[in-house]
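See structure below.
The numbers here are math on the coordinates, done by the rules we state, and not lab data. As the structure is a computational prediction, the values presented were derived from the model and not from experiment. For neighbour counting, all protein chains shown are included, and Cβ atoms are generated from backbone atoms with ideal geometry for every residue, glycine included.
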Amino acid sequence: MDHRLAPEHEELRRTVEEFAHDVVAPKIGDYYERHEFPYEIVREMGRMGLFGLPFPEEYGGMGGDYLALGIALEELARVDSSVAITLEAGVSLGAMPVYRFGTEEQKREWLPRMCSGEILGAFGLTEPEGGSDAGGTKTTAVRDEATGEWVINGSKCFITNSGTDITGLVTVTAVTGRKPDGRPLISSIIVPSGTPGFTVAAPYSKVGWNASDTRELAFDDVRVPLANLLGEEGRGYAQFLRILDEGRIAISALATGLAQGCVDESVKYAKERHAFGRPIGDNQAIQFKIADMEMRAHMARVGWRDAASRLVLGEPFKKEAALAKLYSSTVAVDNAREATQIHGGYGFMNEYPVARMWRDSKILEIGEGTSEVQRMLIARELGFTA
Ligand SMILES: Cc1cc2nc3c(=O)[nH]c(=O)nc-3n(C[C@H](O)[C@H](O)[C@H](O)COP(=O)(O)OP(=O)(O)OC[C@H]3O[C@@H](n4cnc5c(N)ncnc54)[C@H](O)[C@@H]3O)c2cc1C
């Protein structure tokens, strides 16, 4: 059993590390301050093939796997989480549903442009009245047999990548009928950007991830062809649960990157900053804080890589993905808090990367299933049914 990365994964890690350091780090702070989407950085990520990492070459991908995606996300998030979440949402929420559940025609239509970063995909599950309880979807899609279309009405909230200039599609969950027992049939439907009646609100003003795009969506008699159904009718909820299971591994890799970035910044700062006539890092109290941060980042990495390896090998990974997401998001918040403390007053200044990391850490305990939802999933895997 070898926990080290294979040479091709290590090469990818180094390439993304260099990109994050040389291209992202010098520019991202300004975008973040202006709450602006970093098109030029995202374009470059597209050119590098990052949006196509886990997809086969026949669809324009790089022929890699979920481990490769996690490696790229971790290295990006060591420097900045806005670009990392843009990649995460574009790949694991935007393109992956099309790859996993789409027809050959849908894959050929959408994947090559998503893999190259020419367009971004988004995933619209959360609604104003239901995030954790995603089965409570209220958005409806009614068949119009006369025109061969779905007619969609409803709204979605907090949707990443949904309103950029390069957003190409949003896959939405909608109720398309009722089962014999009265429960809703939830299906996934591709809605191309610009479809009449489909509107995106202005970006939210967020606490963090400020250089990423998050919006509320409204569907007012939106008509799309019946052929835009993704996978089988009534399987939308199950499909999205699968997508979320995988997505948790990606978020966990991202959280690990943030936790490691806090270590990187703290080691640097503790060696430079002097107090009482010597570097603050000469104090064992500071060294121990950083040692604990490194331990947490390391264990988080072991967790997400374990879940990713199981996924790649085709083994069950649901519990491991939830464990990894729960643990890594918790330690990302812990490390961000400690890194800010080590930076003293400067840690509270937005020009320091740790301030950005602090603001970006909290959402990791909320998005793609809150920490409470992860605990529910883990408990279920342990046999609790209530
Ligand atoms: C920046 C950002 C980006 C996002 N991107 C996307 C996206 O691209 N696509 C998308 O579909 N969604 C997205 N989301 C939505 C996100 O996934 C939800 O916010 C999240 O799932 C929580 O849902 P909620 O906000 O409705 O909280 P709620 O479900 O209302 O939960 C509120 C609180 O109650 C707790 N709770 C709920 N039920 C239980 C229970 N049974 N037991 C114990 N505690 C419980 C929750 O854990 C939470 O602490 C995004 C959110 C944000 C903030």
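Along the charge dipole of the chain, Cβ charges K/R +1 and D/E -1, which of VAL222, THR15, THR385 sits furthest on the positive end?
Selected residue: THR385.
Can you compute the charge dipole magnitude of the chain about its Cα centre, using +1 on each Lys and Arg Cβ and -1 on each Asp and Glu Cβ, nothing else charged? Give it in debye, rounded to the nearest 20. Can you show the working numbers first?
On the way: 42 positive and 56 negative charges, 171 e Å.
I would put it at about 820 debye.
Restricting to bridges with both residues inside the chain, how much of the DSSP beta-bridge set is antiparallel, in percent to the nearest 5?
Values: 31 of 37 bridges.
Restricted to the chain, the bridges split so that about 85 percent are antiparallel.
Output the Cα-based Rg and Dmax of the stretch 227-383 in Å, rounding Rg to one decimal and Dmax to a whole number.
18.6, 71
Counting each pair of different Cα atoms once, what's the Kirkwood radius of the stretch 7-120 in Å, rounded to one decimal? Present the calculation step by step, with values, prior to reporting the outcome.
Values: mean 1/r = 0.0710 Å⁻¹.
Across the stretch 7-120, the inverse of the average 1/r is 14.1 Å.
Can you find, among VAL200, PHE158, GLY29, the residue farthest towards the positive end of the dipole of the chain? Put +1 on the C-beta of Lys and Arg, -1 on that of Asp and Glu.
Value computed over the given set: PHE158.
Which of PHE123, ALA134, THR176 sits farthest toward the positive end of the charge dipole of the stretch 122-234, with +1 on the Cβ of Lys and Arg and -1 on the Cβ of Asp and Glu?
ALA134
Using the Cα gyration tensor of the stretch 122-234, with a ≥ b ≥ c the square roots of its eigenvalues, what is the shape: rounded (a/c below 1.5), prolate (a/b larger than b/c) or oblate (neither)?
Oblate.
Starting with the highest mean, order 324-332, 362-370 by the number of other Cβ atoms within 10 Å, averaged over the residues of each peptide.
Numbers: 324-332: 28.0, 362-370: 21.7.
The most tightly packed comes first, giving 324-332, 362-370.
Using only Cα atoms, what Kirkwood radius does the chain have, in angstroms?
Values: mean 1/r = 0.0470 Å⁻¹.
Result for the chain, one decimal place: 21.3 Å.
For a protection proxy built on the mean count of beta-carbon atoms within 10 angstrom, sort 60-67, 196-203 highest first, please.
Numbers: 60-67: 20.4, 196-203: 14.9.
Going by the mean number of other Cβ atoms within 10 Å, highest first, we get 60-67, 196-203.
Quick one: compute the contact order of the chain, relative version, from alpha carbon pairs under 8 angstrom and 6+ residues apart, as a percent. Please report the intermediate quantities before stating the final value.
On the way: 749 pairs, mean separation 62.4, N = 386.
The value is 16 percent.
Beta carbons within 10 angstrom, averaged per residue: use that to sort the peptides 261-274, 134-147, 162-175, 373-386, highest first. Mind dumping the intermediate values first?
Numbers: 261-274: 19.2, 134-147: 15.4, 162-175: 23.8, 373-386: 13.1.
Output ranking for 261-274, 134-147, 162-175, 373-386: 162-175, 261-274, 134-147, 373-386.
With +1 assigned to the C-beta of every Lys and Arg and -1 to the C-beta of every Asp and Glu, and no other charges, what is the dipole magnitude of the stretch 86-170 about the Cα centre in debye, to the nearest 20? Before the final figure, lay out each step's value.
Values: 7 positive and 12 negative charges, 34 e Å.
That gives the stretch 86-170 a dipole magnitude of about 160 debye.
In debye, nearest 20, what is the charge dipole magnitude of the stretch 77-117 about its Cα centre with +1 on Lys and Arg Cβ and -1 on Asp and Glu Cβ, if you could check?
On the way: 5 positive and 5 negative charges, 14 e Å.
So the dipole magnitude of the stretch 77-117 works out to roughly 60 debye.
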